[in-house]
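Only one structure is covered here, and it is reproduced in the block below.
Values quoted throughout were computed directly from the atomic coordinates according to the rules given, and no laboratory measurement underlies them. What you see is a predicted model; the values in this text were computed from it and never measured. Note that we place each Cβ from the backbone using ideal geometry, even for glycine, and neighbour counts take in every protein chain shown.
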Amino acid sequence: MPYHYNTPEDKQAMLSAIGAESVDVLFDSIPAELKLGRRLDLPPALSELELDQHLRELASRNTPAGEAVCFLGAGSYDHFIPAVVDTIGSRSEFYTSYTPYQAEASQGNLQVMFEYQSLITELTGLDVSNASLYDGASAAAEAVLMAISATGRHGKVIVPESLHPEYRATIATYLENLATEVVTIPTSGGVVDPEILSEAVDEETAAVVLQQPNFFGCVEDAAEVNRITKKAGALLIAVFDPMSLGVLKRPGDYGANIAVAEGHTLGSPMAYGGPYLGIMACEKSLVRRMPGRIAGQTVDRRGNTCFVLTMQTREQHIRREKATSNVCTNQGLFALRATVYLAQLGPQGLRETASLCLQKSRYAAEQLCQHERFSLAFEEPTFKEFVIRDRENRVDDLLKSALDRGYLAGLPLGRWYPELADCFLVAVTEKRTKAEIDGLVSTLTKASERVSVPATV
Amino acid sequence: MRNSRDTQLLCELSRPGRRAARLPACDVPERDIADLLPTEATASSPPALPEVTEPQIVRHFVNLSTMNMSVDTHFYPLGSCTMKYNPKRNERAAAMPGFADLHPCQPEETIQGMLALLYEMQEYFQEISGLPACSLQPAAGAHGELTALLVAAAYFKDLGENRSKVLVPDNAHGTNPASAAMAGYRSITVKTTSDGFVDMADLASKLDDEVAVMMITNPSTLGLFEPHMREIADQVHARGGLIYLDGANMNAILGITRPGDWGADMQHYNPHKTFSGPHGGGGPGAGPICVIEKLAPYLPTPIVRKEDSLYALDFNLPKTIGRVRSFFGNVGVLVRAYAYIRTHGPDGLREVSENAVLNANYLLSRVKHILPVPQGNRCMHEFVASANTLKKDKGITAMDIAKRLLDYGFHAPTVYFPLTVPEAMMCEPTESESKETLDAFAEVLFRITEEDAELLHDAPHSTAVSRPDEVRAARQPVLTWAALSEAN
Ligand SMILES: Cc1ncc(COP(=O)(O)O)c(C=O)c1O
């Protein structure tokens with residue numbers, strides 16, 4: 001067997017030390033009638049070579065970014081991953097260790113957590129960060145729970161339609177059996193409407209969740225949303241795109257009390273949606289309500305600086321049902337990757353990456369809109385994504401024919417927004433070249449010629 | 001050998017003007033940022049990240065890595081965590097561009113291989129648990145607990161039943177009561193006896209029509225198979241409640257017995273334990289759940305379906321609880337688990353459990369002469385020893401022993417869990433350790449108990465740092481570089 005050692009001789013020696021006749025006897029505590037009594041119905045074992053061939057065959061039935069040009073976004077993006085991130089992320093002293101319960105034997109991981117927390121606070125402009133949560137959506141739901149407990153307001157939380165639909169769905173699931181209602185407010189022109197928000201937010205409101213840039217890629221008037229939110233005494237939860245902070249204001253700078261994000265873009269692959277990295281930062285006053293692991297610096301018995309898991313009285317293993325959250329396993333390896341990634345980029349690299357996303361996406365939008373079939377669904381400025389309206393209302397055909405020519409051209413929005421059934425979301429990262437963007441534009445415009453012919457017959 | 005110059009904090013290594021990444025020149029006509037974005041929204045300068053070079057980064061993190069113990073470097077018998085070998089072929093599999101570079105919203109026709117793998121995983125998890133429906137969405141064990149409890153809540157709501165309680169044995173993992181509370185339930189503790197089993201009288205006194213779910217860990221956190229399992233399930237079912245199985249300990253029973261066959265209605269898996277997903281210094285994991293037929297309509301969506309030879313995502317479950325996260329699930333972890341299951345096949349998986357249980361019993365047979373194991377002579381995949389006598393006699397605690405083990409090159413067992421055993425030391429050797437390693441561990445443990453108490457109180461002596469001042473860390477939290485300069 002591949003990964004265990006016991007030879008027949010070992011087994012004999014071990015069994016006699018135990019005082020058992022056979023391995024079967026060791027399972028005697030399981031009542032006989034509960035035993036399976038047959039072999040599991042699973043495919044037979046594969047050698048490493050066969051496994052490799054089989055997995056390659058499965059993988060070959062997929063079309064990854066790289067084989068098709070990826071303009072898909074909506075919370076998962078095809079950003080570049082520098083080699084250093086893979087090198088450090090594949091150090092098995094990191095990836096084969098557990099949560100650092102024994103601090104003395106885990107200073108590497110603990111210092112990485114501390115550095116990660118520090119970088120996230122620099123990034124967000126907030127005081128503290130935890131050591132990671134599962135993903136952006138569950139981090140948003142945890143932030144909402146935190147806001148409810150911090151404000152003592154159990155009435156409602158407000159989520160604009162411009163918040164990622166899957167984030168809204170996750171928040172709704174988390175709150176389903178609690179007293180708090182999730183109130184979804186419509187947007188105007190792709191962004192929060194201050195009047196509608198002012199109407200909705202009241203003294204029962206625990207928080208407003210603002211995505212900046214929002215699901216449609218539009219830049220919201222965050223300062224205004226914050227003003228309205230704070231006037232009612234509610235907390236502002238910002239859902240941010242880490243990459244955008246190379247050019248946009250940080251959540252802490254526009255008044256967010258809690259900031260959460262999907263952090264896979266900081267050095268981890270799209271991997272069909274996970275594992276990802278849930279980022280969470282908050283103001284100092286909220287730290288004891290924070291979910292998840294937190295590392296802190298202290299001194300050891302010899303007076304040396306060292307790191308340790310801290311404020312554990314918030315956590316499930318100490319507080320059980322009174323814990324701030326049930327989270328135990330987090331996304332440590334992805335926090336490590338994000339730490340390496342941010343160190344590799346540095347301030348200038350982050351600025352330049354953000355700027356490339358901005359310039360290239362705006363170029364792509366402009367080029368597409370030169371064609372009469374396409375227009376921007378919203379006029380608000382965008383960062384790296386934008387919504388294109390297809391005047392012929394044939395989004396599925398259009399995207400299908402683009403795919404045939406090697407482009408993952410965009411995401412149809414009808415599934416989440418029936419009123420946007422004629423629209424699709426396009427994301428352009430720093431990886432996309434001008435040639436690829438021009439290729440996308442010419443493909444979509446050609447596709448449009450091809451599909452529009454039979455439509456007029 | 002560690003070089004401590006380069007394990008200074010990144011902020012200390014930083015010098016203005018240094019940089020690692022160079023980005024391509026912008027190849028589209030560039031415009032002034034002020035023309036593209038409203039000035040109120042833009043930052044005048046980027047966040048103050050450290051400025052370091054690539055060689056510095058590599059030296060920094062590689063040196064930090066040497067300050068960890070890990071499965072690849074040390075025996076790591078951390079009970080309940082199943083620190084088994086993490087196969088390298090799994091890592092290679094997950095990194096294949098055909099899996100790693102897939103966007104979660106790609107059209108189904110471009111991800112047929114991915115969906116085939118995920119469909120198979122649903123089937124495998126169902127077969128191993130004996131439960132007929134599966135959701136791969138949850139991101140970790142605790143997330144699976146929460147998801148399943150929300151599924152149960154939706155089911156009861158649909159039946160029009162108002163049930164507010166979840167029963168949790170006192171030796172359960174902390175995530176169980178925490179998940180119950182998050183799902184909107186009241187968590188009620190059920191006692192266990194000194195043998196480590198559910199106290200049937202206490203259960204009877206707490207089981208009523210308001211109980212929605214009883215969560216049970218079987219084999220338990222003491223590494224024992226619950227002898228009253230069937231009875232417990234029958235009693236809970238008789239009052240209309242459901243049984244949730246905390247599947248953290250599946251490594252003991254693969255192919256031997258199945259939760260669905262003893263009355264479990266729902267369970268999670270920890271593929272990062274049982275199916276060799278590496279723990280990553282804290283994560284990621286995954287928390288797929290399996291449930292009985294009548295709970296299937298409430299599972300999160302999407303679910304992978306197979307129609308003829310095509311795979312498709314089914315979002316159309318009218319009674320679904322919705323989502324518990326974005327996108328499909330922790331797919332990278334599931335790819336590793338798939339590689340692990342395919343490598344073993346049905347006989348191999350059974351052998352995993354047989355060897356895990358053999359190793360644990362062997363270690364138990366050696367350790368019980370050194371430290372008493374209150375709950376008996378036999379165990380499943382792990383056992384809980386107690387340093388209580390040593391503490392009374394010599395003042396040596398479980399923590400002292402744990403710390404001293406580090407000096408001898410062994411990671412410590414889980415200590416002070418479960419809470420029902422005083423001075424608990426929970427040992428889980430897993431199947432991927434040799435007899436020699438187990439012998440060496442037992443010998444070292446014996447040697448430690450003979451050592452001078454003072455020496456142990458001050459242990460570890462050979463690690464990069466000695467015991468941290470945890471009280472200071474909690475009372476005067478220093479959680480970031482910025483706080484560091486404030487503190488000085
Ligand atoms: C018995 C038990 N239950 C539940 C969990 C929670 O699983 P996870 O850490 O994957 O959330 C663990 C793991 O730590 C465990 O040991």
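Assorted remarks:
- Near the amide H of B:Phe275, within less than 5 Å, lie no amide hydrogens of residues on another chain or at least 5 residues away, with H placed in the peptide plane.
- Arranged from fewest to most other beta-carbon atoms within 10 Å of their beta carbon, B:Leu102, A:Leu126 become A:Leu126, B:Leu102.
- Per-residue packing, averaged as other Cβ atoms within 10 Å, sorts the ranges A:421-432, B:353-364, A:404-415 into the order B:353-364, A:421-432, A:404-415, beginning with the highest.
- Amide H contacts of A:Tyr407 (H built 1.01 Å from N, under 5 Å, at least 5 apart or other chain): A:Val69
- Shielding by partners for peptide A:305-315, expressed as the average number of C-beta atoms from other protein chains within 10 Å of each residue's C-beta, is 5.
- Residue mean of other protein chain beta carbons inside 10 Å, B:434-441: 3
- Footprinting exposure proxy for A:Arg373, A:Arg39 (fewest neighbouring C-beta atoms within 10 Å first): A:Arg39, A:Arg373
- Applying the Karplus relation 6.51 cos²θ - 1.76 cosθ + 1.60 with θ = phi - 60° to the stretch B:358-364 yields 3J(HN,Hα) values of 4, 4, 5, 5, 5, 4, 4 Hz, where x marks Gly and Pro.
- Residues A:Thr173, A:Thr329, sorted so that the one with the fewest Cβ neighbours within 10 Å comes first: A:Thr173, A:Thr329
- Counting Lys and Arg as +1 and Asp and Glu as -1 over every other residue whose Cβ lies under 14 Å from the Cβ of A:Lys360, the net charge comes to -3.
- Electrostatic tally near B:Leu224: other residues with Cβ closer than 9 Å to its Cβ, Lys and Arg +1, Asp and Glu -1, net -1.
- Other residues whose C-beta falls under 13 angstrom from the C-beta of B:Leu64 contribute a net charge of +1, scoring Lys and Arg +1 and Asp and Glu -1.
- Projected onto their three principal axes, the Cα atoms of the stretch A:83-341 cover extents of 58, 40, 30 Å, largest first.
- For chain A, the membrane-span-like helix rule (DSSP H, alpha carbon extent of at least 20 Å along the helix axis, mean Kyte-Doolittle at least -1.0) picks out A:107-124, A:136-151, A:332-369, A:434-456; this says nothing about an actual membrane.
- 5 angstrom amide H check on B:Val190, placed H, neighbours 5+ away: B:Val168, B:Asp170
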